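Okay, so here's the structure we're looking at.
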Amino acid sequence: MKIFGKAAESVCKVKFTKNQYMPGELVDIGIDCDNSKVKKDVKSYKFKLFRELRCREATSGHYDTFTTLLKTVKEKGCGAGKKEQKTFQFLIPELSKDCSEEASEAVPRSSVAVMNVDKRGKGLTYFNDDDEEP
């Protein structure tokens, strides 16, 4: 918040122990939150896991992308004027058949699922067979 001067800001750093996760694995998420310069609480930390399914049509080579929210976890945040470090565990769900019919038909039975975390901390799950990851 900025009122007639410099704004006070919270700084949160998110750390993962690795950058690829498989279904059924526990993800350790480290949060280093510096809320010491702010007079309001960080109400909560929210973690969202998305499945991104990218399919290529065999004849045209056109790619379709389907994104589904798989799981959301909300944890208590950091108090006003405090610094804290917390570690949370987030379970990657096993593979399920909750994709749309169109998307699930496009995925070969021999597909592999790999969970990657991008630079913004967003979890993406890629399904592919012998093709390279997108």
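So which residues in segment 52-86 are among the hydroxyl-bearing types (Ser, Thr, Tyr) and not in a strand (DSSP E or B)?
Step one: filter segment 52-86 for residues among the hydroxyl-bearing types (Ser, Thr, Tyr), giving 59-60, 63, 65, 67-68, 72.
Matches in segment 52-86: Thr59, Ser60.
May I ask you to verify whether Phe4 is at pLDDT below 90, surrounded by 13 or more Cβ atoms within 10 Å (Cβ to Cβ) and not hydroxyl-bearing (Ser, Thr, Tyr)?
Numbers: at pLDDT below 90: yes; surrounded by 13 or more Cβ atoms within 10 Å (Cβ to Cβ): no; not hydroxyl-bearing (Ser, Thr, Tyr): yes.
Here the answer is no, as Phe4 does not meet what is asked.
Residue by residue, here is whether (1) surrounded by 15 or more Cβ atoms within 10 Å (Cβ to Cβ); (2) among the aliphatic types (A, V, I, L, M) holds:
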residue: Ala8; (1), (2): no, yes
residue: Phe16; (1), (2): yes, no
residue: Gly24; (1), (2): no, no
residue: Val27; (1), (2): yes, yes
residue: Val42; (1), (2): yes, yes
residue: Leu53; (1), (2): yes, yes
residue: Tyr63; (1), (2): no, no
residue: Phe66; (1), (2): yes, no
residue: Lys74; (1), (2): no, no
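Would you tally the residues in segment 13-51 being of a type in the set (Val, Ile, Thr) and not in a strand (DSSP E or B)? Let's see the steps before the verdict.
Start the filter on segment 13-51 by keeping residues that are of a type in the set (Val, Ile, Thr), which leaves 14, 17, 27, 29, 31, 38, 42.
Imposing the further condition that a residue be not in a strand (DSSP E or B) reduces the set to 17, 38, 42.
Selection size over segment 13-51: 3.
Any idea which of Arg120, Arg56 is at pLDDT 55 or above and farther than 26 Å from Asp28 by Cα? Please lay out each step first, then the result.
Details: Arg120 fails: farther than 26 Å from Asp28 by Cα.
Arg56 is the lone residue from the list that is at pLDDT 55 or above and farther than 26 Å from Asp28 by Cα.
The values are calculated or read from the model by the stated rules, or taken from the named source; none is laboratory data. Keep in mind that what you see is a predicted model, and the values were worked out from it rather than measured. Neighbour counts run over all protein chains shown; Cβ positions are idealised from the backbone, glycine included.
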